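First up is the structure itself, then whatever we jot down about it.
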């Protein structure tokens, strides 16, 4: 039986720390993170011992990190129906909380970043849903599916495997969008780049309408709006940006 180690560590630039045991969360099925400002870094862990810990850096309005002696002042932890909700407090002026999580890779993950910061996720195998206002989103070694909605920032998602029946949607208002997929991926493809776009594809794209600047790295002077198929088609792969290029790449063997 897998042993899940659950601890929580909150640090501020190595000045000080507080630690809290969270072993009561061992039976959760998903994690839901809501925060305002700050980077979020999530790493999925595997093996006989699954590590489950969190570290964070708090920066106040003076832009100086400070030691924290009471975690509950900054982050709220709540379990509802096997879902762990981690919610940052409403900012007092401008303050940021950078969060780093190591969690079992089989958990579902949802992140909502309300103001700004970058999001990094690695080795999560049971689906990801992200809403972000400002900052880039980078996903690596992701499984099953991903739904990402970003207002201002590029999206780069690399999948180790995908579920054939689940949609993948990567949408931003400003920035490029890249999806890296297994070579046997079969998808119905929807592409939108309204300005300053081009399309790179390692896959052969089956389409009834010519794709502007396909595999030509020159910014188009008109919108690129196309449907296509990869390997005969399947569930939806939606890549969309108001300003920037699109890329569909194959995972290297």
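For the reader, a short list of remarks on this structure follows.
- Ranked list, fewest to most other Cβ atoms within 10 Å of each Cβ, for 230, 225: 225, 230
- Likely footprinting exposure, 60, 184, fewest C-beta neighbours within 10 Å first: 184, 60
- Each part gets one Cα centre, and for the range 225-253 versus the range 44-112 those centres are 33 Å apart.
- The range 127-253: antiparallel DSSP beta bridges as a percent of all, rounded to 5: 20 percent
- Seen from a random direction on average, the alpha-carbon convex hull of the chain projects onto 15.0 square nanometres.
- More than 18 angstrom apart: percent of Cα pairs within the range 164-236: 37 percent
- Within the listed set 94, 58, 159, the Gaussian network model of the chain (springs between alpha-carbon atoms below 10 Å) gives the highest mean-square fluctuation for 94.
- Compactness of the range 127-253, taken as the C-alpha radius of gyration over 2.2 N^0.38 Å, stands at 0.96.
- The chain: antiparallel DSSP beta bridges as a percent of all, rounded to 5: 25 percent
Since every read-out is calculated from the coordinates, none of them should be taken as a lab result. Note that the structure is predicted; figures quoted are calculated from it, not measured. All Cβ positions, even for glycine, are placed from backbone atoms using ideal geometry, and neighbour counts span all protein chains on display.
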